[in-house]
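Undergrad: Okay, here's the structure, questions in a sec.
Please treat every number below as a calculation from the coordinates, not as lab data. Computed from a predicted structure; not experimentally measured. All Cβ positions, even for glycine, are placed from backbone atoms using ideal geometry, and neighbour counts span all protein chains on display.
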Amino acid sequence: MAAQLGGQPVFILRPGTERSRGKEAQNSNIMAARAVANAVRTTLGPKGMDKMMVDSMGDIVITNDGAQILREMDIEHPAAKMLVEVAKTQDDEVGDGTTTAAVLAGELLKKAEELLDQEVHPTIIAAGYRMASDKAKKILEGMVREVSEDDEALLLKIAGTAITGKGAENAKDKLANLAVVAVRSVVETTDGKKSVDREDIKLETKTGASVEESELIEGMMVNKSRVHENMPKRIENARILLLNAQVEIHKTEMDAEINITSPDQLQLFLDQEEKMLKDMVDKIVKSGANVLFCQKGIDDIAQHYLAKEGIFGIRRFLKSDFEKMARATGATIVNNINEISESDLGFAGLVEERKMGGEDTTFVTKCKNPKAVSVILRGSTEHVVNNVETAFEDATRVVGVVIEDGKLVAGGGSPEVELALRLKEYAATLKGREQLAVTAFAEALEVIPRTLAENGGLDPIDKLVELRSQHEKGVKTAGLNVITGEVTDMWEEGVVEPLRVKTQALNSATESATMILRIDDVIASSSSGGMGEGMPPGGMPGGMPGGMPDMDFDM
Ligand code: ADP
Ligand code: MG
């Protein structure tokens, strides 16, 4: 691009820079973002389909999880990437509702397109959307029901709703149950405020058994066996030393040469080394420890002495597990072998090595801190286990959120239908063009029940009409049972979700849609210039400007 100055062109942008602006930029951004939303749309709800993703290396992932699909998709278009961000934020914040957020953002953009065609200015649409979103959150607050941490039946339903449609249905009850028990055992209360740190739940996956055989262990599980076979396999009343130092003689950094001229000298040298190792072991024994978890190596000779003392030892303990182990057993990690004291030791009722899924595994149970739990998820194949893991993680996130907030809403499209109705009433009270945007927002929300119906093989128009009429009659929790095809009270069906999943979905969808709307100029540096770092060759990715994004999903 160039401006004219006294007949001389003045270049502002590097040659090769691609630029699109105004309507053209808007259209292409909206189109790209909508294509992404459409890609995940068919996965929404319990009857949603799965996607099979094959990466450039030929690795296959089969999933129904919106966040995962978007993560795996190799998306280049910058506006489309913003939708991926939506799903990511949603996943980080609440762990569920990712598809909902992306689909809603797509629909908000579709409605915005219609308004743009009617010459409504993008900033007005953005302002209207924001007003609508704020109002919607207030209305949602009024639909909330409280739940207590002790209401196990309800927590199970919440976990169940989160698991639905994640390719792990057949083990839904089992997983929901594990998730609820696991989360409830790690809840902390400080100043009356509950919090759940999912880090306290240690997750392991193992193939080769059915999902039903997944189990929860009150304690820790480590994928390691003891270092020496003469060590005991089982230690009751374990006093555990967590050592972050090697039980080996320091190997010298430089090539040192030791001149040994006689057999005596060699023996002396070996004796000396053995004595040093023996001293190290003595220090461990003196502390009263009968279990040693060492983050570094343990020399063969030291292993022998440890075994002789009846100590259970593991070497090269994973760092991430080490800190969890410290929390679970109440141990202090010791960094220097000369500084071990009895007060550093942790405690567990039982440390035991057992085989699991054909591998030697160490179980540390009846820990000092009962909050430490491990869950072992099983499945026949890698793909099954992956789906089970995603489903379980969603369930624990959602149950955690509910315990922290104590607030629930009904699901199955019921909140969206209610919000749509109420927002339309609200729009009628507004003057000016924002009214149009608020109405558009209200209509966009109906994409959720409509998609649930479509994916369930039901007639979306019939079902939407039925839903609206129920809501007009005051049944605020009327939603779509996609299994039976009936419009019923979702609360009674037990299809319930945390309030936070819905508010976060509203927030992230609104934010991304308005952000995309407000862009009227896309300037992309060419990759030949130093500026375009990170951009693929060929300048603007995704066939910009004005082009269709490189995707095969129908609009
Ligand atoms: P997301 O990634 O948005 O969580 P899901 O595929 O999990 O996508 O679908 C979530 C939607 O499905 C929510 O609107 C939820 O209320 C609805 N849903 C979940 N279980 C049921 C059910 N048994 N009947 C009807 N709707 C359900
Ligand atoms: Mg979900």
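Undergrad: Would you mind classifying the stretch 280-406 by shape? Square roots of the alpha carbon gyration tensor eigenvalues, ordered a ≥ b ≥ c; an a/c under 1.5 is rounded, otherwise it is prolate if a/b is larger than b/c and oblate if not.
TA: prolate
Undergrad: If we sort 96-106, 189-199 on the protection proxy, mean other Cβ atoms within 10 Å, highest first, what's the order?
TA: 96-106, 189-199
Undergrad: Using the basic label-point model (7 angstrom from Cα toward the beta carbon), what is the L266 to D92 distance in nanometres?
TA: Here the modelled spin labels are 6.1 nm apart.
Undergrad: Between D462 and L203, 0.36 nm times their residue separation minus their Cα-Cα distance comes to what?
TA: 88.9 nm
Undergrad: Zone of D282 (label point 7 Å along Cα→Cβ, backbone N under 16 Å): which residues in the stretch 320-348?
TA: 337-340
Undergrad: Residues of the stretch 274-289 with the amide nitrogen closer than 20 Å to a label point 7 Å from the Cα of R234, along Cα-to-Cβ, please.
TA: Answer for this model: none.
Undergrad: Here's a follow-up. Please give the charge dipole size of the stretch 186-240, origin at the Cα centre, charges +1 on K and R Cβ atoms and -1 on D and E Cβ atoms. Round to the nearest 20 debye.
TA: 300 debye
Undergrad: Checking a compactness column here: for the stretch 360-445, what do you get for Rg(Cα) / (2.2 N^0.38 Å), N being the number of residues?
TA: 1.89
Undergrad: For a protection proxy built on the mean count of beta-carbon atoms within 10 angstrom, sort 10-17, 333-340 highest first, please.
TA: My ranking of the peptides, most packed first, is 333-340, 10-17.
Undergrad: Fewest first, what order do F441, F317 take by the number of other Cβ atoms within 10 Å?
TA: So the residues, fewest neighbours to most, are F317, F441.
Undergrad: How large is the charge dipole for the stretch 346-429, taken about the Cα centre, if only the Cβ atoms of Lys, Arg (+1) and Asp, Glu (-1) carry charge, to the nearest 20 debye?
TA: With Lys and Arg at +1 and Asp and Glu at -1, about 320 debye.
Undergrad: Just add up the charged neighbours of K23: K/R +1, D/E -1, any other residue whose Cβ is under 15 Å from the Cβ of K23.
TA: Taking every other residue near K23 into account, the sum is -4.
Undergrad: Rounded, prolate or oblate: pick one for the stretch 160-265, where a ≥ b ≥ c are the square roots of the eigenvalues of its C-alpha gyration tensor, a/c under 1.5 means rounded, and failing that, prolate if a/b is larger than b/c, else oblate.
TA: Prolate shape, in that a/c is at least 1.5 and a/b is the bigger ratio.
Undergrad: Separate question: How do K308, K463, K51 rank when sorted from fewest to most other Cβ atoms within 10 Å of their own Cβ?
TA: Lowest count first: K308, K51, K463.
Undergrad: On to the next question. Can you give me the Cα centroid spacing of the stretch 214-247 and the stretch 391-433 in angstrom?
TA: 46 Å
Undergrad: Okay, next question. Could you check the simple spin-label distance between E257 and N336, using points 7 Å along Cα→Cβ, in nm with one decimal?
TA: So the two model labels end up 3.5 nm from each other.
Undergrad: Using only the alpha-carbon atoms, what does the chain span along each of its principal axes? Please give whole angstrom values in decreasing order.
TA: The principal-axis extents, from largest down, are 98, 73, 44 Å.
Undergrad: With r as the distance between the Cβ atoms of D191 and K275 and R0 = 56 Å, compute the FRET efficiency 1/(1 + (r/R0)^6) and round to 0.05.
TA: 0.55
Undergrad: Something else now. Once fully extended, how much extra length lies between S210 and E141, figured as 0.36 nm per residue of separation less the alpha-carbon to alpha-carbon distance?
TA: 20.8 nm
Undergrad: Within the stretch 58-88, name every residue whose backbone N is under 12 Å away from a label modeled 7 Å from Cα of E18 along the Cβ vector.
TA: 76-78
Undergrad: Once the Cβ-Cβ distance between N369 and Q435 is put in as r, and R0 is 35 Å, what FRET efficiency do you end up with, to the nearest 0.05?
TA: Calculated value: 0.05.
Undergrad: Here's a follow-up. Starting from 0.36 nm per residue, how many nanometres of slack lie between V10 and E119 once their C-alpha separation is accounted for?
TA: 35.9 nm
Undergrad: Next question. Assuming a ≥ b ≥ c are the square roots of the Cα gyration tensor eigenvalues, decide whether the stretch 169-209 counts as rounded (a/c under 1.5), prolate (otherwise, with a/b larger than b/c) or oblate.
TA: oblate
Undergrad: Report for the chain the percent antiparallel among DSSP-assigned beta bridges with both residues inside it, nearest 5.
TA: Rounded to the nearest five, the antiparallel share is 75 percent.
Undergrad: Along the charge dipole of the stretch 381-523, pointing to its positive end and built from +1/-1 on Cβ of Lys, Arg, Asp and Glu, which listed residue (L464, Q435, N481) has its Cα farthest out?
TA: Positive-end residue among those listed: Q435.
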